[in-house]
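Take a look at the structure set out below.
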Amino acid sequence: MSPRSLMIIGLLALAAPAMALAAAAPPHPPIQAQRLAAPITIDGRLDEAVWSSGTPITAFYQAGPDQGEPSSQKSEVRVYYDDDALYVGARLWDSAPDSMIARLSRRDVSVPSDRFSVYLDPYHDKRSGYYFLINSAGTLFDGTLSNDGWEDTSWDGVWNAQAHRDSKGWTAEYRIPFSQLRFQNATPQVWGINFRRVILRRNEEAFVAYQPRDESGFVSRWPELVGLDGLHASRTVELLPYATSKGEFVNRVSGDPFHDGSRINGDIGFDLRTSIGSRMTLNGTVNPDFGQVEVDPASLNLSDVETFFQEKRPFFVEGSSNFRFGNEGASDYWNFNWPEPTFFYSRRIGRSPQGSLPGTPDPDNDVVYADVPIGTTILGAAKLTGKITPSTNFGTLHAITARERAKMWVNGIDSKAEVEPFAYYGVMRGLREFKDRKQGLGSMVSLVQRSFDRDDLSNELNQTSAVGALDGWTSFGPNRLWVLSGWAAGTHVRGTEHRMLALQQSSRRYYQRPDAGHVSLDPDATSLSGAGARVWLNKERGQWTTNSAFGVISPGFEMNDMGFQTRSDVTNGHVSVSRRFSTPGKYRQYLQLNGALFGATDLDGNFTNGGIFHSGSLEFRNRVSLEWWDTYNPPATSVRGTRGGPRMKLPGGFESGFYLDSDGTRTRFYSLNGNLYVKADGSQDWSISPYMEWKPVSNVLLSFGPGFNRSIEKSMYVETIEDPLATSTFGNRYVFANLDQTTISTNFRLSWAFTPTISLQTYVQPYLSAGTYTNYKALAQPNTREFVATVPSAPQDFNYKSLRGSAVFRYEYMPGSTLYLVWTQDRSDYVENGEFEFGRDAQRLFDRDGDNIYLAKVTYYLGL
């Protein structure tokens, strides 16, 4: 894609007509909170006199399906407070109470149901806040909001609400302790507040203040909450001690002196949460328990890019949005093959030890067993989050991990070896808003410092890793119509010459490429530095919107000690235009069409990928939805296909896919996802993934999601073999082959909520993948797609199978205090046979003995 093409598309996008904007709900006058004169019992029944006195909030307007129309059902909401908590009572009338949908699930697990939400912006910064939700069956949900509407479900507050259904509809009663909120010590107290009601059978979502479909901004629209006289933020201390007991029963390797097949251990520790002043929260942990309840999904990665897994450990998950970086100010950020870095990837802290065992055992003569810790011990961690000033967000996290040693048994001799050094991890994030949120400027710095006892381990890990970055935005035009946002960052790592050489040769940069004109290996380097930047331009409102971006990452950019990065040495840009059809029709509820041009090069000027993209999303009035996408990629140049060798040509290709789903309010929900990618050389990749949910009763949900993938790749990289006779390819043979791979996986889930506080969840994932390599060949000439027949050093066929599952019993026996009983099982099998036979492979997998882990964990919440 030429710069001229980008310019033409950009001018068309800027010239797109700004159609009439959808009307917002009428401004609501300030909402008055009344001080309680007598205690309230939170039982959901609203039988205290205060809930029928005073003037209620009744003005609810639909965000959908009929945007701007009054809610079809009457709602009455009242707000009270005392010195300790905020109280909300909602009478939700329903003309057909027998038709209400009330489904029960465990806390924070969403199921289709009627629901009511309370939104609070205690700082009144019109960008951030909290939400507290209860559905008509009594399930609680909570989370935080940032960037004027982005949700983060990781926060778990300690609060209480109850629901009650009767012949008039249903009622909800809340008690939200002020200890769970952060707000300014100011007189008078002025907060932002909003309410939301969902009537599922009508597909209706109604707010006091909603965000129109053709506009951005949610928190900034909320009415004010006033009347909180005499309220002052006070210092609170919350302590959450825990105790765990864990039993491991795994397959034993004959002769292994470290593992007899069973191990039982226990542990104790605690988390601390306290306020620092009126705006900040300190979270600390001593001997934290980071055993995750959910298992990571199985995958077979044949690429040169690390697999990304979601963080699931409570200490890191809660409040993680405080450390989000780079995408602030605008409501949406698109990327087309842009390797957007994750600046803070908390799974780096406490991960499995990264060092290898010392020595080079002779497999024919040496008998070696090892006992390597599953994870690195986190000696302690703390984080401080909140606001320094009403317009300045701040967050910092620090952790210290222990030196880990593996036990070794080599030919009858016991020893120990360091496999993970003592390390410090730190990150600091700040964000300041200006001019009524029209501009913002943020920063982030992070540091990883390691101390080695074993000299050769320092050749495998960086000694020091530092990142410094700025991000921000500025908005212009009427009512913030346009937003220009972006980030810029620099990285610096230090280590031994051997380690820096390995970084230069890693899959993120491949400095060793023999025909690279802008990078080269430096075997004497003891440090590596780089920089990156990205800028976006968004039109935020109207039926026509645009989203355009350009970014650069230098070859030396390296942040994987504290973040997650897949590539460096790239320039990338796109221009996109979207048309939104927000006015409902006879059958259509909403339609959006998108088109884009995108392209990328390396810093040597090689065109590495690009194309033309189209997508659309359509929602029907009957709640059926459809999404589709199509992409054309012209021929390009691969600077990574030979994994550090010379360039080679990439064939053009075409991709098409779709997603179709049914009405999620019904007892049975279905969806279908399909994708097809075809290349000019005959390669193809296609997948199909049906999915079904069944809710046989209101508190049970069963889901089944099989997936089938078939990939036929005509030039799959196999290996690099040194060959002095291969002069045309710089003394190496870069071996490729045809790969025929079949993968089948299935996800089974059962969620059974006995009460709003007692639940059982099970998850099972069988996974089978087999691949056959044929027609081995070597690249004949650089920057071509010509091959010559060759022979590999070893067969590459594979047949991998795994079965992973878990069962989690959860009992929240009092607010904030929980008992977990967990069982997980993992079994796998691998053979060098590429033939895929479902019956045989499944039987072989189920015949394997599984590794079983049993865990009991209890936490107890203390509010001091």
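Of all the residues in segment 235-255, those that are in a loop (DSSP other than H, G, I, E, B) and hydrophobic (A, V, I, L, M, F, W, C) number 2. Looking at segment 644-742, the strands (runs of 3 or more DSSP E) lying wholly inside it that each contain 3 or more residues that are within 29 Å of Pro795 (Cα to Cα) and open to solvent by 20 Å² or more (accessible area, probe 1.4 Å) sit at 668-679, 684-697, 700-722. Any residue at all in segment 396-403 that's charged (D, E, K, R), at pLDDT 90 or above, farther than 22 Å from Gly468 by Cα and not in a strand (DSSP E or B)? Yes, because at least one residue in segment 396-403 is charged (D, E, K, R), at pLDDT 90 or above, farther than 22 Å from Gly468 by Cα and not in a strand (DSSP E or B).
Among the conditions (1) within 20 Å of Phe315 (Cα to Cα); (2) in contact (Cβ under 8 Å) with a residue 60 or more places away in the chain; (3) open to solvent by 20 Å² or more (accessible area, probe 1.4 Å); (4) not hydrophobic (A, V, I, L, M, F, W, C), the only one that Thr377 does not satisfy is (2). Hey, any hits in segment 585-598 for a residue that's part of a loop (DSSP other than H, G, I, E, B), surrounded by 17 or more Cβ atoms within 10 Å (Cβ to Cβ) and either touching a residue at least 24 places away in the same chain (Cβ under 8 Å) or of a type in the set (Ser, Thr, Tyr) (or both)? Checked against the condition, which is being part of a loop (DSSP other than H, G, I, E, B), surrounded by 17 or more Cβ atoms within 10 Å (Cβ to Cβ) and either touching a residue at least 24 places away in the same chain (Cβ under 8 Å) or of a type in the set (Ser, Thr, Tyr) (or both), segment 585-598 yields no hits at all.
Across segment 267-291, the qualifying residues are those that are in contact with a helix residue (DSSP H, G or I) (Cβ under 9 Å, 6 or more places away or on another chain) and part of a loop (DSSP other than H, G, I, E, B), and the one among them that is modelled with the lowest pLDDT is Phe290.
Which one of these does Pro766 not meet: (1) assigned to a strand (DSSP E or B); (2) in contact (Cβ under 8 Å) with a residue 24 or more places away in the chain; (3) more than 39 Å from the chain's Cα centre (by Cα)? So the condition that Pro766 fails would be (3). When segment 622-637 is limited to residues that are out of contact with any Gly (no Cβ under 8 Å at 6 or more places or on another chain) and in a loop (DSSP other than H, G, I, E, B), the one that is most open to solvent (accessible area, probe 1.4 Å) turns out to be Asn622. Screening the candidates Thr774, Thr784, Thr746 for the property of being assigned to a loop (DSSP other than H, G, I, E, B) and β-branched (Val, Ile, Thr) yields one hit, Thr784. Being surrounded by 14 or more Cβ atoms within 10 Å (Cβ to Cβ) and touching a residue at least 12 places away in the same chain (Cβ under 8 Å) is a property that Asp849 lacks.
Here's the yes/no breakdown for (1) under 30 Å from Val808 (Cβ atoms); (2) over 27 Å from the mean Cα position of the chain (by Cα); (3) modelled with pLDDT of 95 or more; (4) acidic (Asp, Glu):
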site: Pro706; (1), (2), (3), (4): yes, no, yes, no
site: Glu719; (1), (2), (3), (4): no, yes, yes, yes
site: Phe730; (1), (2), (3), (4): no, yes, yes, no
site: Phe736; (1), (2), (3), (4): no, yes, yes, no
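For segment 104-141, residues that are modelled with pLDDT of 95 or more and charged (D, E, K, R) total 3.
Could you tell me whether Arg197 is part of a strand (DSSP E or B), in the same structural domain as Ser113 (by the TED database) and open to solvent by less than 50 Å² (accessible area, probe 1.4 Å)? In short, yes. Of the set (1) of a type outside the set (A, V, I, L, M, F, W, C); (2) out of contact with any Gly (no Cβ under 8 Å at 6 or more places or on another chain); (3) assigned to a strand (DSSP E or B), all apply to Glu151 but (2). Can you find even one residue in segment 155-167 that is closer than 17 Å to Tyr130 by Cα, open to solvent by less than 20 Å² (accessible area, probe 1.4 Å) and at pLDDT below 90? Checked segment 155-167: at least one residue is closer than 17 Å to Tyr130 by Cα, open to solvent by less than 20 Å² (accessible area, probe 1.4 Å) and at pLDDT below 90.
Listed here are the strands (runs of 3 or more DSSP E) enclosed by segment 60-135 that have at least 1 residues being among the β-branched types (Val, Ile, Thr): 75-81, 85-93, 115-121, 129-135.
Of the set (1) touching a Phe, Trp or Tyr at 6+ places or on another chain (Cβ under 7 Å); (2) under 24 Å from Gly247 (Cβ atoms); (3) small (Gly, Ala, Ser), all apply to Gly771 but (2). Report whether or not Leu821 is surrounded by fewer than 17 Cβ atoms within 10 Å (Cβ to Cβ), more than 18 Å from Gln765 (Cβ to Cβ) and at pLDDT 90 or above. The answer is yes for Leu821. For segment 43-58, what are the residues that are crowded, with 16+ Cβ neighbours inside 10 Å and farther than 11 Å from Glu76 by Cβ? Residues satisfying the conditions are Gly44, Glu48, Val50. Given the condition open to solvent by 10 Å² or more (accessible area, probe 1.4 Å), touching a Gly at 6+ places or on another chain (Cβ under 7 Å) and touching a residue at least 12 places away in the same chain (Cβ under 8 Å), answer yes or no: does some residue in segment 397-408 qualify? Checked against the condition, which is being open to solvent by 10 Å² or more (accessible area, probe 1.4 Å), touching a Gly at 6+ places or on another chain (Cβ under 7 Å) and touching a residue at least 12 places away in the same chain (Cβ under 8 Å), segment 397-408 yields at least one hit. The residue that is farthest from Ser806 (Cα to Cα), among those in segment 240-263 that are at pLDDT 90 or above and among the hydrophobic types (A, V, I, L, M, F, W, C), is Ala243. Residues that are surrounded by 17 or more Cβ atoms within 10 Å (Cβ to Cβ) and part of a strand (DSSP E or B): does segment 517-530 have at least one? Yes - at least one qualifying residue is present in segment 517-530. Could you tell me whether segment 417-429 includes any residue that is of a type in the set (Lys, Arg), out of contact with any Asp or Glu (no Cβ under 9 Å at 6 or more places or on another chain) and open to solvent by 40 Å² or more (accessible area, probe 1.4 Å)? No, that holds for no residue. Would a scan of segment 554-573 turn up a residue that is surrounded by fewer than 21 Cβ atoms within 10 Å (Cβ to Cβ) and more than 29 Å from Arg347 (Cα to Cα)? Taking every residue of segment 554-573 in turn, none turns out to be surrounded by fewer than 21 Cβ atoms within 10 Å (Cβ to Cβ) and more than 29 Å from Arg347 (Cα to Cα). The combined condition, being crowded, with 18+ Cβ neighbours inside 10 Å, in a strand (DSSP E or B) and within 27 Å of the chain's Cα centre (by Cα), is fulfilled by Gly611.
The values are calculated or read from the model by the stated rules, or taken from the named source; none is laboratory data. Values in this document were obtained by computation on a predicted structure and should not be read as measured data. No Cβ is skipped: glycine too gets one built from the backbone with ideal geometry, and neighbour counts run over all protein chains shown. Quick note on the areas: whole protein, heavy atoms, side chains included, nothing else; ligands and nucleic acids left out. Shrake-Rupley method; radii C 1.70, N 1.55, O 1.52, S 1.80 Å.
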